[in-house]
Amino acid sequence: MDITGPVVLISDLHLTAEDPTGLECFYAFAQQLQGVEQLYILGDLFEYWIGDDSAEALGLTGVCVALKRLHESGTKITLMTGNRDFLLGQDFCRSTGCQLLQEPAEAEISGHLILLQHGDKLCTDDINHQRHRAIVDQPSWRKNFLNRTFSQRQSLAQAGRSQSEAGKRYKSADIMDVNDAAVESSLLNSRCSLLIHGHTHRPGIHAVTLKNRTAWRIVLGDWSAGPSYVSAASQRIDLHFKEQVLSLSQSEEDPTLRLHHES
Ligand SMILES: [Mn+2]
């Protein structure tokens, strides 16, 4: 795997000590990233996170060390939280050298103005999920949760995970994908003509027709079949997933982004 492009974006690694293969895959990838200018993590780096004091108890200090090493090698790491690891906070960032980014964020990446989101807030048809997210986003809920003991937090998180897995079995595939109107309004509320998000585990590149412009939406893949990532250079943005590459590219004469398939 050769990483091209000075900026790399990833999401949905769902790292957990219960999946040592996933951890090894991340460590190998982090090694490859040395020399990359900037890494964006767009949420769900971890399968779940119950507070910045719990990395060791969750068997995840190796991930912190790998991030810290990458940061010390000169790669800037920008972290957005997801719906699984929304409790990642400043202590985690201090110890790993990451910078926390609130969603949605407009970022200038390799000369492109890109809108970044985790993606779950675009899945507005999943009313139960949005309801749950609204509750856990409240500062009082977070404070209350973090004040509990490690084992209380651990069992609440386990219960939440099995509830969410059970819920998924009854939801149609459409409900768990992004809502087109939510994507359009998110882009229209920004200056961007390119949105990159994860969460749905449906990697792809989609054209989005807006009132006043044509935009693109890149969906990062999850890591269940190995790394999925976007590498962004000035005239080319590549999405890698399952040994496939989809690209948006532009020429020096024409700044319009166009889609290319490669296999
Ligand atoms: Mn997610």
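The values are calculated or read from the model by the stated rules, or taken from the named source; none is laboratory data. Remember, it's a predicted structure, so these values are computed and weren't measured experimentally. Don't worry about glycine lacking a Cβ; one is built from the backbone with ideal geometry, like all the others, and counts go over all protein chains shown.
Can you find, within region 21-47, the residue that is farthest from the chain's Cα centre (by Cα) among those that are assigned to a helix (DSSP H, G or I) and among the hydrophobic types (A, V, I, L, M, F, W, C)?
Selected residue: A28.
Filter region 118-156 down to residues that are outside any helix (DSSP H, G or I) and among the hydroxyl-bearing types (S, T, Y) and give me whichever is farthest from A57 (Cα to Cα).
Taking the candidates together, the pick is T124.
Of the residues L239, L187, L248, L259, only one is more than 19 Å from G5 (Cα to Cα), outside any loop (DSSP other than H, G, I, E, B) and either away from the ligand (no atom under 16 Å from the Cβ) or in contact with a Cys (Cβ under 8 Å, 6 or more places away or on another chain) (or both); which?
So the residue among L239, L187, L248, L259 that is more than 19 Å from G5 (Cα to Cα), outside any loop (DSSP other than H, G, I, E, B) and either away from the ligand (no atom under 16 Å from the Cβ) or in contact with a Cys (Cβ under 8 Å, 6 or more places away or on another chain) (or both) is L187.
Only one of A159, A107, A166, A66 is away from the ligand (no atom under 16 Å from the Cβ), of a type in the set (G, A, S), in a helix (DSSP H, G or I) and surrounded by 17 or more Cβ atoms within 10 Å (Cβ to Cβ); which?
After applying the criteria, what remains is A66.
Please specify each residue of region 200-212 satisfying the condition of being on the phi < 0 side of the Ramachandran plot and assigned to a loop (DSSP other than H, G, I, E, B).
Hits for region 200-212 are T200, R202, P203, L210, K211, N212.
So how many residues does region 48-63 have that are assigned to a loop (DSSP other than H, G, I, E, B) and out of contact with any Lys or Arg (no Cβ under 6 Å at 6 or more places or on another chain)?
11
Any idea which residue in region 110-133 is nearest to the chain's Cα centre (by Cα), counting only those that are within 14 Å of the ligand (Cβ to nearest atom) and among the polar types (S, T, N, Q)?
Only one residue tops the list, namely Q117.
Identify the residue in region 202-235 that is charged (D, E, K, R) and either modelled with pLDDT of 95 or more or crowded, with 18+ Cβ neighbours inside 10 Å (or both) and, among all such residues, is farthest from L188 (Cα to Cα).
Only one residue fits best here, namely D222.
Being touching a strand residue (DSSP E or B) at 6+ places or on another chain (Cβ under 7 Å) and of a type in the set (D, E), is that true of even one residue in region 221-238?
Within region 221-238, one or more residues are touching a strand residue (DSSP E or B) at 6+ places or on another chain (Cβ under 7 Å) and of a type in the set (D, E).
Taking region 72-100 as the region of interest, how many residues are under 12 Å from I41 (Cβ atoms) and away from the ligand (no atom under 16 Å from the Cβ)?
Residues in region 72-100 being under 12 Å from I41 (Cβ atoms) and away from the ligand (no atom under 16 Å from the Cβ): 10 in total.
When the residues of region 146-185 are filtered to those that are in contact with a His (Cβ under 9 Å, 6 or more places away or on another chain) and small (G, A, S), which remaining residue is farthest from H132 (Cα to Cα)?
Across region 146-185, the extreme among qualifying residues is G167.
Test each condition in (1) over 14 Å from the mean Cα position of the chain (by Cα); (2) closer than 23 Å to S224 by Cβ; (3) buried (at least 19 other Cβ atoms within 10 Å of the Cβ) for A17 and report the one that comes out false.
Condition not satisfied by A17: (3).
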